[in-house]
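Please read the structure below before turning to the comments.
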Amino acid sequence: MKALGYQKAHSLEAFALELIDVEEPRLRDTDVLVEIGAVAINPGEATMRRMRSAEAGGRVILGWEFAGVVAGMGPAAGDFAVGDRVMGTGDVTRDGCWAERVAVDHRVVAQIPDQLSFAAAASLPIGGLTAWEALFRDQDRLPAGVDRVLVVGGAGGVGSLATQLLKTRTPAFVMSTASRPESRDWCTAMGADLVVDHTADVVEQLGDAGIDRVDMVFSTAGTAANTGWIAQLLRPYGHVSTVDLTEPFDPGPLVAKSVSIHTEMVFSKITGGGDAGSQGKILRELANDVVAGRLRPIVTTTLAGLSVDTMRTAHELIESGRTIGKIVISV
C-alpha cells in the first residue's frame, strides 16, 4: 500500500516526506484495520517529524488522528464489523495513519454516524480526548469547587474543544486566551464567556473584567513560561492542567498555593497502561454530541489528497503558529 514516510528527522525547510510503498499492516488480535478517509494534522506530529528518525533501514510513518471505514479486524476486536464508519487515534509506538490503511487497537476507535463526514470526524479525536481527560476527573465532571476555568490557547484544536465541552457539559464560567482578532472571534464562537490576549498582561485584563481568581487553568501552550502569572491568578488549592510540559518547568511559584498539577498526554492509556477502553467511550460521546448539535467539528482548513504537497502545506500552516481549529486532509 501507499504511505507518506521518511527516514531521518528533518526541518520544514528540508521537508523529506516521500510517497512510498509499504507492506500491509499486520493486525494484532485486538486491532481493527481502517481504510483511511481523512486525517487531521497536529502540532505534535510536526514535533515528531523534527525529532524522530527511523532505525537503520527503516522508515517512520506518522499520523494519529483519522476517520475511515473498517476493512478488517482481529479476533478480539470488540463489536466492530467490516464497513463500519469510524474515527480514532492510535499508538505512537506503531505506524500512523498517513497511509491508505492503518492497524489500530479497537479500544481507541469509535463508530461514527452517517451524518458525520470523515473530515468532520477526523477533527475530533485528539483534541476531544485531550481536553476531556485534562478537564474532567469523574465522568464529565470538573474537580469539586471549580466554577471558573481559563483555557490558554483557546483557538487551537485542543482549546476549541475544551471550551465547547466546558460550555455544554458544565456550568463553569469559561475564559479563553487568543492574540489576534480572528482567533478571538473563534474563541467566542466556541462559547467562551470572556476572551483575553495572552501576549499582554492576562492578570490585569481579567482584573479589569472583575475576575481576580480562577479555579482551574487549562494550558495548551507556553506553560513553563507562563507559570508566574498562572500562579498569581489561581486560587489556593486550584488546579492546573497542561499538555505541553516537554521542557524544563519550575513549579515553585505554584507551591505556596498547594496547586494540583495534572499533565495530559492522549496516548498514555494505550502506551503506558490504563483504561484505554474509556477513550473509545469518550469518542462515542463526542460523535453523539455533534449529531445532537451540542458540539461542532472544528475543521477550518481542508486539503485534498494524502500527498507530499498537501502534507507540506499542512505542516507549513501548523508551524506558522497561527492556525485556528483543525487542518484536515481528505483522502
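Per-structure values
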item	result
Pairwise FRET efficiency - His10 versus Asp250, Cβ, R0 = 35 Å, nearest 0.05	0.65
Inter-centroid distance (Cα atoms) of segment 200-277 relative to segment 145-173, Å	13 Å
Theoretical ellipticity at 222 nm over the chain - DSSP helices of four or more residues, -39500 (n - 2.57) apiece, nearest 500	-8500 deg cm²/dmol
Solvent-accessible area per residue, Å², over the chain with all protein chains present [probe radius 1.4 Å]	42 Å²
Cα centre as origin, Lys/Arg/Asp/Glu Cβ charges: segment 1-126 dipole, Debye	340 debye
Backbone HN-Hα couplings from phi across segment 209-221 [Karplus 6.51/-1.76/1.60, Hz, Gly and Pro as x]	8, x, 10, 10, 8, 10, 8, 9, 10, 9, 9, 9, 6
Which label in [x] 58, 43, 34; [y] 72, 42, 37; [z] 64, 53, 47 gives the computed Cα extents along the principal axes in Å	[x]
Apportionment of accessible area to carbon and sulfur, the chain, percent (1.4 Å)	49 percent
Residues listed by number, segment 211-249, amide nitrogen under 20 Å from Asp147 label point at 7 Å toward C-beta	211-218, 233-240
For Phe218, residues with placed amide H under 5 Å, excluding near neighbours	Leu150, Val151, Val152, Ser241
Mean Cα-pair separation over length for the chain, i.e. relative contact order, pairs under 8 Å, 6 or more apart, %	20 percent
Share, in percent, of DSSP beta bridges within the chain that are antiparallel, nearest 5	55 percent
Calculated FRET value between Glu316 and Ala225, using beta carbons and R₀ = 22 Å, to 0.05	0.35
Cβ-Cβ FRET estimate between Asp212 and Glu182, R0 fixed at 30 Å, reported to 0.05	0.55
Note, ³J(HN,Hα) from phi for segment 73-85, Karplus 6.51, -1.76, 1.60, rounded to Hz, x at Gly and Pro	7, x, x, 10, 9, x, 9, 6, 9, 4, x, 4, 8
Gyration tensor over alpha-carbon atoms, segment 79-189, equivalent ellipsoid semi-axes in Å	29, 17, 13
Cα→Cβ-extended label distance, 7 Å offset, between Lys281 and Thr93, nm	2.4 nm
Peptides ranked, highest mean first, by Cβ atoms within 10 Å: ranges 50-60, 292-302	292-302, 50-60
Relative contact order (%) - segment 147-282, alpha-carbon pairs under 8 angstrom, separation at least six	19 percent
Residues whose placed amide H lies under 5 Å from that of Gly37, excluding near-sequence neighbours	Ala67, Gly68, Val69
Residue-wise HN-Hα coupling along segment 320-331, computed from phi with Karplus coefficients 6.51, -1.76, 1.60 (Hz; x: Gly, Pro)	5, x, 10, 6, 10, x, 9, 8, 10, 10, 8, 9
Most to least packed among 259-270, 197-208, 36-47 [average Cβ atoms within 10 Å]	36-47, 259-270, 197-208
Highest average packing first - 72-85, 245-258, Cβ atoms within 10 Å	72-85, 245-258
Given charges at Cβ of Lys, Arg, Asp, Glu: the chain dipole, positive-most of Gln164, Met73, Ile36	Gln164
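The values are calculated or read from the model by the stated rules, or taken from the named source; none is laboratory data. Bear in mind that the values here come from a model prediction, so they are computed numbers and not experimental data. Cβ sites come from the backbone with ideal geometry, for glycine too, and all protein chains shown count toward neighbours. Ligands, DNA and RNA are stripped out before the accessible areas are found, and what is left, the full protein with its side chains, is counted by its heavy atoms. Shrake-Rupley method; radii C 1.70, N 1.55, O 1.52, S 1.80 Å.
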